[in-house]
Amino acid sequence: HAKSRGVCVSRGGGEWRGGQKRIGKESRLEEADEMMRLALEYLEKQPAAGQTPEGIARCLRAFRGVDGGKDFQFKPEERIQLVNLAPADAVTVHVICKDCDDRFEDEEVESILHISSEYLHPLKPGS
């Protein structure tokens, strides 16, 4: 360690001040790169990873009954969760939609799952 103006500079590029290591700019960039890599790795495994803007728009239109189907009258937060989670089973729809049993018949839940499957689960290359 070399002393410089009361700050101990380590050979690793960081400096110690008041018992805490301050990270140099290069180390912060490396850390940010690693966090970005981990975030992207996580997001690529989520249901929304393969969705397209067109598929999401078509799904939301179908949920509103724009093309002649039923308007499910989802709350804004339900629409967001339906797109993000892209439910593939009735349990997930019940978790997302408050009072689902009171609002939707079993056939309507199946219709929601069909819409989700059609627009939010695009085929991935090679599948």
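The values are calculated or read from the model by the stated rules, or taken from the named source; none is laboratory data. All values reported here derive from a predicted model rather than from experimental measurement. Positions of Cβ are generated from backbone atoms using ideal geometry, with glycine treated the same way; all protein chains shown enter the neighbour counts. The accessibility values were calculated without ligands, DNA or RNA, using every heavy atom of the protein model including side chains. Shrake-Rupley method; radii C 1.70, N 1.55, O 1.52, S 1.80 Å.
Of the conditions (1) at pLDDT below 60; (2) open to solvent by 80 Å² or more (accessible area, probe 1.4 Å), G6 fails just one. Which one is it?
Condition not satisfied by G6: (2).
So in the range 89-127, with the set limited to residues that are within 16 Å of P47 (Cα to Cα), open to solvent by 80 Å² or more (accessible area, probe 1.4 Å) and part of a loop (DSSP other than H, G, I, E, B), which one is modelled with the highest pLDDT?
Result: L123.
Inside the range 64-88, can you point out the residues that are touching a Cys at 6+ places or on another chain (Cβ under 6 Å) and open to solvent by 70 Å² or more (accessible area, probe 1.4 Å)? Full working, then the answer.
Within the range 64-88, the subset touching a Cys at 6+ places or on another chain (Cβ under 6 Å) is 78.
Listed by number, the list is empty, since nothing qualifies.
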